[in-house]
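The next block holds one structure in the form of structure tokens; read it before the comments.
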Amino acid sequence: MLCYSWAHCGLSLSDLFKLVPEEMPYNTVEEMVSLRPVGLDTCFPFTFTSRCELTFENFTLGAGMAVTMLYIEQQDGGEESCVRCQLRGQQGALAEVLVPFSCRGEFYECESDQTYTLQEIISSPHLCSRRFRFSKKTKHGGSLVFSPIYQVQAIMHLRKNIVKFPSSLEVDVVDVTTQSQDLTFVTPLTLSEVFAQPDEAFPTTAEILEHHEGQPLFRCTWLAELHKGHPLVLHKRGSSAMVLASGIKGRNARQYFLVSQRYGGRLRRRPREFESVYELYAASTRALFLKVRVTQHSEELDEEGFLALSVGEQLEVLRCEKVKLPGGRTSQEKNNQTMEVLVCRRLQEVDDDDEVDEEEESEVVHLPLCMQSHFVEKLTDNKKYSLMDLCKAFALPLDVKVASRDAELETDPLVGFSSLRLEATTIQPMIQASLPGNPERCFEIPTHWLNMSLSFTNDPLPLAQDYHLETVTEVTDSFYCEFRKLTASDEPPPPRPPKPSSRSKPSKSSKATPSSSQPDTPCHPPKSGTISLLSGLSLNKLKSAMGSTNQLLRIQEAIS
């Protein structure tokens, strides 16, 4: 590679240049010929003069007479080579003469009409040492010397980037090729660069050059083995469908797992619990026709002008709307008093032989969003699902329990949880790897979550009859937080729960009626994203933390 700096001189690749004649004389014809550029068609003809008179055969060359070299003639029989030259006699006639290489004298180069391109000049070591001028008189009149600077490209051991340095750099270089015959130049690769390799590159062996540093993101046995200098077997690369799951075992803190959808265990759905009408509404936005069972009697409904709920009743969530409330001392107060409610259909439990009136079975119940109560999801199936089938059939989040463990795993960490919450799905680029000492136990290395560098090696691949993939990886709280940041949805959060009304208490005989001005109107959108915290936080936990229901209501008012 060549680097040039001629822009400031007004040069371009299309310019033509002429040689500036040398002021120093040549002593022999052979010296003049040897200093001509080799390999250029423009090296001949070449014109020179002699300071003294010379005689060739029967021809005398006068001092100062111009002689033009035409070409070199090789003589047969080992005789001395000659240059065929052309000159003009006294009467103006042209004559040719052979001048031997050994002819001595004081010769000077004459200016020639031959032109050279910039590429021709920099390609010839001889021309690079000569002076030139522009062939056009209108351009720069001084002489020019071209000195190209070469850029040397080299690779270094354990360095990824190509090192570039100019040929003008003053540095001492020692040739150590003989002493470094056994040295193999290694190019470090990040996990993303390993993932970008073609499928034909796998399986292969590799060595860890730099292991992951920073806050821990995974709690797994194989991560402790990924240290600098340790070998690895890379089986293949690909994208893996994963599920983020969480659960609480006993009194321990919540644990988080990244579970491959190829998980071999079987799962049963678990009924979800809702400790407020608002939580029930938030869940109904993700699953239509949600059915629940009431587990806490609600007397306040009757006091507020709504139908009361009793333990054991079953409800089906229909929609959210605004309704007018009875009460108020003036007609204006009556028209302005509205409340957001969750409209549900009350279900009747009947035997197969009993007949039920359709109107009675379809009784509608209005539940204020600000009401505190307790509901349990009603599930009609006890089927065992694979994780992949669950993700296809139901919207997440979803509560499940492991019904049968994954037999491929030595220890299934998901067993023992009374309830697991499947929170989100993701597709992650993974490299399937194993340790040479235990090649049949494979694990997946997430390329976006670990900072490591590897180098491919030529070690033989270990033999293994069957491969078993670790489908469950426990992750830390830090991973969970970072994952939630990256997978945050752009959809607006569900509406905030309204504050309890401070209006006058109506009579028990009066009933709430849907607002005629805004029928079936969805709940108002949130003014901020603060309430999105409540969609994943149980109000019962806030109640236990604060100590009373009144304090809980003050928290809702502050958020609103």
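List of remarks:
- Measuring against 22 Å, Cα to Cα, the residue pairs Lys322/Lys378; Lys291/Lys383; Lys236/Lys392; Lys18/Lys137 contain Lys322/Lys378; Lys236/Lys392 as the ones spanning a longer distance.
- Dipole of the stretch 159-307, positive end: most advanced residue of Pro216, Ser239, Val163 [Cβ charges, Cα centre]: Ser239
- Close amide H pairs (under 5 Å, H built 1.01 Å from N) link His374 with Thr295, Gln296, residues at least 5 positions away or on another chain.
- Rolling a 1.4 Å probe over the protein heavy atoms gives the stretch 94-203 an accessible area of 67 Å² per residue.
- With all protein chains kept in place, the per residue accessible area of the stretch 384-451 amounts to 42 square angstrom at a probe of 1.4 angstrom.
- Restricting the stretch 50-125 to trypsin sites (Lys or Arg not before Pro) in coil, as DSSP defines it, with at most 16 other Cβ within 10 Å: Arg51
- Estimated inter-spin distance, Glu273 and Ser404, nm [label 7 Å along Cα→Cβ]: 2.9 nm
- Nonlocal amide H pairs with Ser240, under 5 Å, H built at 1.01 Å: Gln428, Met430
- Where chymotrypsin sites (Phe, Trp or Tyr not before Pro) fall in DSSP loop in the stretch 117-208, at most 14 other Cβ within 10 Å: Phe185
- Full-extension gain in nm, Arg51 to Leu379, via 0.36 nm per residue minus C-alpha separation: 106.4 nm
- Accessible area of the stretch 417-489 belonging to carbon and sulfur atoms, whole % at 1.4 Å probe: 49 percent
- In the stretch 105-205, the GluC sites (Glu not before Pro) that fall in loop regions by DSSP, at most 12 other Cβ within 10 Å: Glu111, Glu170
- Proximity of backbone amide H atoms, modeled 1.01 Å from N, is registered between Asp406 and Gly265 at under 5 Å, excluding neighbours fewer than 5 places apart on the same chain.
- Converting phi to 3J(HN,Hα) with the Karplus coefficients 6.51, -1.76 and 1.60 and the offset θ = phi - 60°, the stretch 392-409 yields 7, 8, 10, 7, 8, x, 8, 9, 9, 9, 6, 8, 9, 6, 7, 5, 6, 8 Hz in sequence order, with x at every glycine or proline.
- Here the stretch 231-276 is treated as a sphere whose radius is the Kirkwood value from Cα pairs; by Stokes-Einstein at 20 °C and 1.002 mPa s it diffuses with a coefficient of 150 µm²/s.
The values are calculated or read from the model by the stated rules, or taken from the named source; none is laboratory data. Note that the structure is predicted; figures quoted are calculated from it, not measured. Reconstructed Cβ throughout: ideal geometry from the backbone, glycine too, with neighbour counts over all protein chains shown. For accessibility, only protein heavy atoms count, side chains too; no ligands or nucleic acids. Shrake-Rupley method; radii C 1.70, N 1.55, O 1.52, S 1.80 Å.
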